[in-house]
Amino acid sequence: MLNRLAVTVIVVIAFTIIAVAVNAYPWYLGLNRSIKWNNGIALTDDNVLLDVKYADPGNSKLTVILVHDYGQDKTFWSKLDLDERLLNYDNAVVSFDLRFHGNSTPVLASGGGTYVVSSEDDYVDDIKTMVKWAEKNIGKPIVIISYGEVSKAVLQGISELDDKNIRGVVLIAVDYKDVATLINKTNVNIMVLSNDPNWSNVPVYFVGIGVSRDGMVKWSNDQLDLLFNWIKNTAFNASNLKASE
């Protein structure tokens, strides 16, 4: 009798713990909900094919476009586990390979030979192409996340588009001096995750993070929560917030 009572008590306690954990909600957001990733192709104005990977959980309010750094490709975001986490926060996610990176071809779609990158403007065109592609194929307000040096091309592309559908940009592992001249040209909400303390003097939402010698970010779960919540809120908030971590 005593053993049965003990087993019953243990079962009740176990179910209670599981129920509390499930209702707490945040712990399972990082789990893969088996949302299907799709493949696509975007064609730039100068006839270069960009390889695209995208997914939409169906109840998304935002599209997040991920822009990898030079020398990387779209698989970089999977290494950071950022693409899946963004999906689990109910965002549509688009990642792609810049020209001459990953699966994006340097061969012109017209079959007219190989395209040679002549300046950073070519990568700016890639950014603008992907914004237009996302608007056409997904049709939600847009937040762009960029990593490292490519952030300069991202900010230039945003300023040239001047598209009210772009609600914000997140710059990761970027030094302020590298993009200082472009910040004031960009009329969108800006969040920065960087180890450069100069950002704390700029009217953006700044979160100080660690960056290793190989350029990889080192962030805590709390800092990632700040990122995800900022993305969620920026769709409805027209003004920048300033913070230091």
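Selection of the stretch 132-148 for residues being part of a helix (DSSP H, G or I) and either within 13 Å of the chain's Cα centre (by Cα) or not assigned by TED's automatic domain parsing to the domain that holds LYS74 (or both) yields only GLY148.
Select, from LEU82, LEU98, the only residue that is over 21 Å from ALA42 (Cα atoms) and in contact (Cβ under 8 Å) with a residue 24 or more places away in the chain.
Working: LEU98 fails: over 21 Å from ALA42 (Cα atoms).
When all the criteria are applied, what remains is LEU82.
Every test in (1) surrounded by fewer than 17 Cβ atoms within 10 Å (Cβ to Cβ); (2) in a strand (DSSP E or B); (3) not basic (Lys, Arg) is passed by ASP225 save one, and that test is (2).
Counting just the residues of the stretch 184-198 that are closer than 15 Å to TRP219 by Cβ and not β-branched (Val, Ile, Thr), which one comes out surrounded by the fewest Cβ atoms within 10 Å (Cβ to Cβ)?
Filtering the stretch 184-198 down to residues closer than 15 Å to TRP219 by Cβ leaves 191-196.
Checking the rest, the ones that are also not β-branched (Val, Ile, Thr) come to 191, 193-196.
Details: MET191: 23, LEU193: 26, SER194: 22, ASN195: 15, ASP196: 17.
Taking the candidates together, the pick is ASN195.
Being part of a helix (DSSP H, G or I), within 16 Å of LEU66 (Cβ to Cβ), assigned by TED's automatic domain parsing to the domain that holds LEU87 and hydroxyl-bearing (Ser, Thr, Tyr) narrows it down to one residue among SER151, SER200, SER159; which is it? Don't jump to the end; show me each part of the working.
Numbers: SER200 fails: within 16 Å of LEU66 (Cβ to Cβ); SER159 fails: within 16 Å of LEU66 (Cβ to Cβ).
On inspection, the qualifying residue turns out to be SER151.
Would you check if ASP225 is among the acidic types (Asp, Glu), over 14 Å from the mean Cα position of the chain (by Cα) and modelled with pLDDT under 95? It is false that ASP225 is among the acidic types (Asp, Glu), over 14 Å from the mean Cα position of the chain (by Cα) and modelled with pLDDT under 95.
Candidates in the stretch 53-76 are the residues that are within 12 Å of ASP97 (Cα to Cα) and in contact with a helix residue (DSSP H, G or I) (Cβ under 7 Å, 6 or more places away or on another chain); of these, the one that is surrounded by the most Cβ atoms within 10 Å (Cβ to Cβ) is VAL67.
The values are calculated or read from the model by the stated rules, or taken from the named source; none is laboratory data. Remember, it's a predicted structure, so these values are computed and weren't measured experimentally. Please note: Cβ atoms are built from the backbone with ideal geometry, for glycine as well, and neighbour counts cover all protein chains shown.
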